[in-house]
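Report on the following structure.
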Amino acid sequence: MTENNKNDVIVNISTTMGDIKVLLYGDTPKHRDNFIKLVNEGFYNGTLFHRVINEFMVQAGDPESKGAPAGKRLGTGGPGYNIEAEIVYPEHFHKRGALAAARQGDNVNPERKSSGSQFYIVTGKAYSEAQLAQMEKQMQMMKQQEIFNRLASERRDTIMQLRRNNDHAGIQKLQEELIALTEAEAAKNPAKFTDAQKKAYSEAGGTPHLDGQYTVFGEVLEGLDVVEKIEKVPTMPGDRPKDDVKILNITIEK
C-alpha cells in the first residue's frame, strides 16, 4: 500500500481465466478516477486482453476488442480522449504486477499522455546485478541525450545562424559548451535505480526500461498467478491471444 493509502481504491478484475485484485494509487488521481468512471459505466465488460507478450506484459482496455472477430488487429481503440501523464517516479515503477497506462509513442505524444482506457499489467523478468548496472549506464546516456537535445532546441536560432554563416568554429565551440552543460546537469541527478527497484527487479522481476516513460497507477494485490497464466497463452501475429481472454466485469471493492 502507498503512504497516501486513504485515497487508494481496490478493484477486482474478473476474467475468463480468474480474478485479479488491483490497488489503484491515490497519488495518481486522474488515472484512478478515470478508471473508476469507466468501471462504473461498464466500459471494460467484454473487452479482451488483446496484446500479450510473455515475460513482458498483458494489455487490455480497447473497446474495439468487444466481439472482435478472430484475427482482427486491435490496440487503437479508446474512449475518445487521453489523460495527462502522472508519472510518480521513482516511487511507482514497473515491477512485476505493476498496473500502468498504455500510450502512443513520444514521436507523436511528447507529453506522454495516457490512453483514456488501455492499460497493461507488468510481468517482465528478473535481472542480475550486472544487468541492472548496465541499464543504469544506458539510462544515464539517454538522460544526457534528452538534456543535450533540449539545450540545443533552446538555442536553435543561434545554431541556424552559425550554419548560415558557415561558422564551423562557432558551431564547435557551442557544441562543447552544450556538452559541458549537459554533463553538469546530468550529474546533479544521475539516473540510478533505488534500493526498492533493485530489490524488486532482481527478486520478482519487471520491465525497468519503461520506468519514467509511462504512468504507473496501481499494482496487483492478489491474482498475479492469473496474470502469469494470461501472459503464457499462445498468441497470433500482433500478440493477440489465439483464444480470447476476456474481462467479464470489474467491480470496486474499496
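The values are calculated or read from the model by the stated rules, or taken from the named source; none is laboratory data. Everything quoted here is computed from the prediction, not taken from an experiment. Positions of Cβ are generated from backbone atoms using ideal geometry, with glycine treated the same way; all protein chains shown enter the neighbour counts. The protein model used for the area step is the full one, side chains on, heavy atoms only, and it has no ligands, DNA or RNA in it. Shrake-Rupley method; radii C 1.70, N 1.55, O 1.52, S 1.80 Å.
Kindly indicate whether V9 is over 17 Å from the mean Cα position of the chain (by Cα), under 25 Å from G212 (Cβ atoms) and of a type in the set (A, V, I, L, M). Quick ask: steps written out before the conclusion?
Details: over 17 Å from the mean Cα position of the chain (by Cα): yes; under 25 Å from G212 (Cβ atoms): yes; of a type in the set (A, V, I, L, M): yes.
Yes.
Out of N109, N45, N54, N5, report the one residue that is farther than 24 Å from A204 by Cβ and open to solvent by 50 Å² or more (accessible area, probe 1.4 Å).
Details: N109 fails: open to solvent by 50 Å² or more (accessible area, probe 1.4 Å); N54 fails: farther than 24 Å from A204 by Cβ; N5 fails: farther than 24 Å from A204 by Cβ.
When all the criteria are applied, what remains is N45.
What about A187, is it exposed (fewer than 11 other Cβ atoms within 10 Å of the Cβ) and at pLDDT below 95? Steps first, answer last, please.
On the way: exposed (fewer than 11 other Cβ atoms within 10 Å of the Cβ): yes; at pLDDT below 95: yes.
It is true that A187 is exposed (fewer than 11 other Cβ atoms within 10 Å of the Cβ) and at pLDDT below 95.
Quick check on E222: is it open to solvent by 90 Å² or more (accessible area, probe 1.4 Å) and either under 30 Å from G46 (Cβ atoms) or in contact with an Asp or Glu (Cβ under 6 Å, 6 or more places away or on another chain) (or both)?
Working: open to solvent by 90 Å² or more (accessible area, probe 1.4 Å): yes; either under 30 Å from G46 (Cβ atoms) or in contact with an Asp or Glu (Cβ under 6 Å, 6 or more places away or on another chain) (or both): yes.
Yes: the conditions hold for E222.
From the list T207, T158, T182, T194, pick out the single residue that is under 30 Å from K125 (Cβ atoms) and either surrounded by 13 or more Cβ atoms within 10 Å (Cβ to Cβ) or touching a Lys or Arg at 6+ places or on another chain (Cβ under 6 Å) (or both). Please lay out each step first, then the result.
On the way: T158 fails: under 30 Å from K125 (Cβ atoms); T182 fails: under 30 Å from K125 (Cβ atoms); T194 fails: either surrounded by 13 or more Cβ atoms within 10 Å (Cβ to Cβ) or touching a Lys or Arg at 6+ places or on another chain (Cβ under 6 Å) (or both).
It is T207.
Is there any pair with a first residue in region 211-226 that is closer than 24 Å to G116 by Cα and a second that is of a type in the set (V, I, T) and surrounded by fewer than 21 Cβ atoms within 10 Å (Cβ to Cβ) whose Cβ atoms are under 6 Å apart and which are 6 or more apart or on different chains, and what are they?
T215/I87
Quick check, is G61 in contact (Cβ under 8 Å) with a residue 24 or more places away in the chain, open to solvent by less than 50 Å² (accessible area, probe 1.4 Å) and farther than 24 Å from R96 by Cβ? Working first, answer last.
Working: in contact (Cβ under 8 Å) with a residue 24 or more places away in the chain: yes; open to solvent by less than 50 Å² (accessible area, probe 1.4 Å): yes; farther than 24 Å from R96 by Cβ: no.
Answer is no for this residue.
D239: on the phi > 0 side of the Ramachandran plot and acidic (D, E), yes or no? Working first, answer last.
Numbers: on the phi > 0 side of the Ramachandran plot: yes; acidic (D, E): yes.
So D239 passes the test.
For region 231-246, give me each residue that is over 18 Å from K72 (Cα atoms) and surrounded by 19 or more Cβ atoms within 10 Å (Cβ to Cβ). Let's see the steps before the verdict.
Taking region 231-246 first, the residues over 18 Å from K72 (Cα atoms) are 231-232.
The one that is over 18 Å from K72 (Cα atoms) and surrounded by 19 or more Cβ atoms within 10 Å (Cβ to Cβ): E231.
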